[in-house]
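Before any comments, here is the structure.
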Amino acid sequence: MAAPVPRFREKTQVLDEAALDRALTRIAHEILEKNGGASDLAFVGLRTRGVTLAQRLAAKIAQIDGATLPVGTLDITLYRDDLGLRGAPVIRGTDIPFSIKNKTVILVDDVLFTGRTVRAALDAIIDLGRPRAIQLAILIDRGHRELPIRPDYVGKNLPTSRRESVAVRLREHDGDDRVVIEEPEEA
Amino acid sequence: MRWTRKHLLTMRELDASEIVLLVDTAASLQEIATREIKKVPALRGKTIVNLFYEPSTRTRTSFEIAGKWLSADVINFSASGSSTTKGESFIDTAKNIAAMSPDVVIVRHSSAGAAELLARTLPCSIVNAGDGAHEHPTQALLDLLTIREKKAHFDGLHVAIVGDIAHSRVARSDIHGMRKLGVTVTVAGPPTLIPPFVQELGVKVSYRLEDAIRDVDVIMLLRLQHERMTNGLIPSLREYSRYWGLTLDKLAKHARPDVLIMHPGPVNRGIELAPEVADGPYSVILDQVAKGVAVRMGVLLLLAGSKADAP
């Protein structure tokens, strides 16, 4: 069975609603700049909050450039390197209703930590076809990488200690837009 | 909701939330069948043994495909061509296979309780792929997935299960699964093929096909097991097919226009089901087979993809 989950309490707020929105606007501009426009781009969000962030980035690009980019949903449970170490897996499904062949795929997630999730996501995407390139967009990069993976677009670099946790709260799931650092309650 | 069981033996022991978890997991995995590369690494390094003591086309093949799409190593054992023909007992064969450290053993056997016996004896996970006239849980799960995809929900649905209820493990597993999800079930067939006290499973009973199929959302036909006829349970195949065979004519006269026709296979064309009905627009028989792979992927993933030690 899974180990008991420690309870966390909020320590500091690092992004409020306006700052989070500004970070996404900047990333949207950077994506367009780096790729010389929006042609042949596609978003793939990692469940759950990566998908929401991908949809927001697609909306920003639609505002800036007028292009409507497809947004897919990726569930990486079947590709995890710790499958079986955390109790029975919960599968929620991958839904990428477009071909990624020869596209530049922008992979979106909320927090980049050890890099293991992104490693699994890269395998999962490549099983679906051969994209021209994969780029990584992350709202919070909290460091402590265990694999040679780096993001192409970062909302905020946030030095944290390993015992802390970063919570990205989004309106669609949590009722408000903000990012907080949490620490274990016993501390 | 997380899966905590080590084995899948019966639908009877599952609660509604476990059944929904299995159906949801299978639904999410269906997408793999549409990929160009039909393989994910989830069960890499796991060994799955198909231990089949009865003939099977759909079940054995779909467990094998399911295991392979999840990257497990799948080994098929069938009783013919094995040491069983030299007189080795079921339990000895099973213990010998278990000594080769498989993670999951999928068993089909003509005796009710065979899967449970293995679950008590072997250290690995056991999946019941049909034990005598007892249960066939993965068939019930794929029936439920098919119904949910076609009808979008289970609320207020009414299913008629028609044919040889007494000898059918599919009927038993379907009845348990459907009743737990709130589906109304009517069983119908000649009195000799309806088990006594079947009402205690919470089903209605009908002895007339025309009544049983009126106003139901799904008609599930069962295979008439020819061998029963020699036991004097039905007078003749011709009489059975006249009274109990589902034809286009009976369907048009008595059933709803949006009814689904299901059958666990293999179909006796022209006996319980007219070919025009089996191949017709109401029929979802091949959808059932396709869903079977997804359901078996879900079951294997939940059993072998966790280290739960619960019973």
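The values are calculated or read from the model by the stated rules, or taken from the named source; none is laboratory data. From a predicted model like this one, the values you see are computed outputs, not experimental measurements. Reconstructed Cβ throughout: ideal geometry from the backbone, glycine too, with neighbour counts over all protein chains shown. Only protein heavy atoms, including side chains, enter the accessible area calculation; ligands, DNA and RNA are left aside. Shrake-Rupley method; radii C 1.70, N 1.55, O 1.52, S 1.80 Å.
For the reader, a short list of remarks on this structure follows.
- Residues within the stretch B:239-253 that are of a type outside the set (Gly, Ala, Ser), under 27 Å from the mean Cα position of the chain (by Cα) and surrounded by 11 or more Cβ atoms within 10 Å (Cβ to Cβ), tallied: 8
- Yes/no for residue B:72 being open to solvent by less than 60 Å² (accessible area, probe 1.4 Å), within 20 Å of residue B:140 (Cβ to Cβ) and touching a residue at least 40 places away in the same chain (Cβ under 8 Å): no
- Given (1) open to solvent by 30 Å² or more (accessible area, probe 1.4 Å); (2) on the phi > 0 side of the Ramachandran plot; (3) without any contact (Cβ under 8 Å) to a residue 40 or more places away in the chain, number of the condition residue A:37 does not satisfy: (1)
- Matching option when the condition is open to solvent by less than 50 Å² (accessible area, probe 1.4 Å), more than 14 Å from chain B (Cβ to nearest Cβ), more than 30 Å from residue B:30 (Cα to Cα) and among the β-branched types (Val, Ile, Thr), among A:108, A:168, A:118: A:168
- Residue list for the stretch B:29-44, filter: open to solvent by 20 Å² or more (accessible area, probe 1.4 Å), at the interface with chain A (Cβ under 10 Å from one of its Cβ atoms) and touching a residue at least 24 places away in the same chain (Cβ under 8 Å): B:30, B:38, B:39, B:41, B:44
- Evaluation of residue B:63 against (1) outside any helix (DSSP H, G or I); (2) surrounded by 16 or more Cβ atoms within 10 Å (Cβ to Cβ); (3) of a type outside the set (A, V, I, L, M) (one fails), failing number: (1)
- For the stretch A:121-134, the tally of residues that are facing chain B (nearest Cβ under 10 Å) and either closer than 14 Å to residue B:41 by Cα or crowded, with 21+ Cβ neighbours inside 10 Å (or both) stands at 5.
- Residue under evaluation residue B:56, criteria (1) open to solvent by 40 Å² or more (accessible area, probe 1.4 Å); (2) at pLDDT below 95; (3) not in a strand (DSSP E or B), criterion not met: (1)
- Boolean, residue B:13 is touching a strand residue (DSSP E or B) at 6+ places or on another chain (Cβ under 8 Å), open to solvent by 40 Å² or more (accessible area, probe 1.4 Å), more than 14 Å from chain A (Cβ to nearest Cβ) and part of a loop (DSSP other than H, G, I, E, B): no
- Selection from the stretch A:69-98 of residues that are more than 10 Å from chain B (Cβ to nearest Cβ) and hydroxyl-bearing (Ser, Thr, Tyr): A:73
- Flag for residue A:150 being within 30 Å of residue A:22 (Cβ to Cβ), open to solvent by 50 Å² or more (accessible area, probe 1.4 Å) and either of a type in the set (Asp, Glu) or within 14 Å of chain B (Cβ to nearest Cβ) (or both): no
- Tally, over the stretch B:106-127, of residues that are touching a Lys or Arg at 6+ places or on another chain (Cβ under 8 Å), open to solvent by 50 Å² or more (accessible area, probe 1.4 Å) and basic (Lys, Arg): 0
- Checked against (1) more than 14 Å from chain A (Cβ to nearest Cβ); (2) in a loop (DSSP other than H, G, I, E, B), residue B:48 passes all but a single condition, namely (2).
- Screening the stretch B:217-311 for helices (runs of 4 or more DSSP H) wholly inside it with 3 or more residues that are within 29 Å of residue B:20 (Cβ to Cβ) and within 14 Å of chain A (Cβ to nearest Cβ) returns the ranges B:285-304.
- Condition broken by residue A:68, with the remaining ones in (1) at pLDDT 95 or above; (2) under 19 Å from residue A:169 (Cα atoms); (3) hydroxyl-bearing (Ser, Thr, Tyr) satisfied: (2)
- Selected residue (criterion: surrounded by the most Cβ atoms within 10 Å (Cβ to Cβ)) from residues of the stretch B:181-205 that are part of a helix (DSSP H, G or I) and in contact with a helix residue (DSSP H, G or I) (Cβ under 9 Å, 6 or more places away or on another chain): B:193
- Note on the stretch B:85-105: residues that are open to solvent by less than 30 Å² (accessible area, probe 1.4 Å) and either in contact with a helix residue (DSSP H, G or I) (Cβ under 8 Å, 6 or more places away or on another chain) or of a type in the set (Gly, Ala, Ser) (or both) amount to 5.
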